[in-house]
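Heads up: the structure comes next, in structure tokens.
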């Protein structure tokens, strides 16, 4: 039972963290929970579809279907996160002012909710399909009993707990700091997902360049252990990354940082003068 | 955002098409199967500095995930299914792979020499 619990929990940590971050980002904004919930639901449906058609997906595109699919959905998530950060930088001034208001309703925020919902859906879809396959395997094998299945579901429950802990860990940060914290979190998250996407392109044999291993820290901090897995999601830690993964990671972070800087409106005199009057 | 996704997939297709022609000729081909959550053979050999195409057949009814950190492979194989894994050229050494869903029994090694 413990074995199944750990396998499932390890898979859902990433999705759990991302859901928690998305909830914290949109906290208090009307309608935001529905968007995140819709993202989770879409992810679950997608995960079941991917699990159900695992054989066909794997055989598609000359046996590269699974890798190309994973690389594409991860790329989509990276684009959404980048776009979200740029949007936040552009509208950050208005947002942080409204953060102190209790019943704030950011009318123009709908598009970023959609972006976050897509990110949540992708995370749930990827991890969820593996969990679904694992639990399905237990069910049809008949060799392992009910307790293994129970362990699997307990692992899912722990994943949900990670979401709540992440959410409450983030929302105790004062609103002014939360804004900057989230921007850093989202950037690192995007870098890590871009590196994962690059790994799938290499695995598919689509990209053969830069395949050398940058470092091997699997003996010190394996990235499939619980702590390694959390770092893997939050900052994109990998214990045996390829050079291409390193390039994708740094390139994505650099691109988002520069784009965010460019998007942020220059501080205007008018705002500076009107501020003390409030 | 749809455009971006479409471009990405399109680019990947193009890349796959370009590489499929050139890479096949020099690849080393290996195969193994999974039965009762064990790899057979549990040890496979390949030449060094050569790209490897590994075919994995899953003879079990249950799905398995073929995984290896040093080989950087993570791939689901449906029950009764078969899949191809592309491995980058390796330096001589012993590389471990395992079945993520049954790690206790499904373990094997790729020996590169």
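Derivation of every value follows stated rules applied to the coordinates shown; laboratory data play no part. Values in this document were obtained by computation on a predicted structure and should not be read as measured data. Every residue, glycine among them, receives a Cβ derived from its backbone with ideal geometry; neighbour counts consider all protein chains shown.
Counting beta carbons within 10 Å around each of B:52, A:140, A:21 and listing the fewest first gives the order A:140, B:52, A:21. Measuring nothing but how far apart in sequence close Cα pairs (under 8 Å, 6+ apart) lie, relative to its length, segment A:172-255 scores a relative contact order of 43 percent. When peptides A:157-170, B:67-80 are sorted by average Cβ neighbour count within 10 Å, with the highest value leading, the order is B:67-80, A:157-170.
Model label points for residue A:220 and residue B:111, set 7 angstrom from Cα along the Cα-to-Cβ axis, are 3.2 nm apart. Provide, for q = 0.10, 0.16 Å⁻¹, the log10 of I(q)/I(0) from a solvent-free Debye sum over equal Cα point scatterers in segment A:2-264. With no solvent term, the Cα-only Debye profile gives -0.52, -1.29. For the pair segment A:186-207 and segment A:3-61, the centres of their Cα atoms are 18 angstrom apart. Using the rule -39500 (n - 2.57) for each DSSP H run of four or more residues, divided by the residues of chain A, the 222 nm mean residue ellipticity is -26500 deg cm²/dmol.
Rounded to the nearest 10 degrees, the inclination of helix A:226-235 to the longest alpha-carbon principal axis of chain A is 40 degrees. Axis angle, to the nearest 10 degrees, between helix A:146-171 and the longest C-alpha principal axis of chain A: 10 degrees. The angle separating the long axis of helix A:2-25 from the principal Cα axis of greatest extent in chain A is about 20 degrees. Ordering A:217, A:112 by the number of other Cβ atoms within 10 Å of each residue's own Cβ, fewest first, gives A:217, A:112.
The shape of segment B:26-112 can be summarised by an equivalent ellipsoid whose semi-axes, obtained from the alpha carbon gyration tensor, come to 21, 13, 11 Å from longest to shortest.
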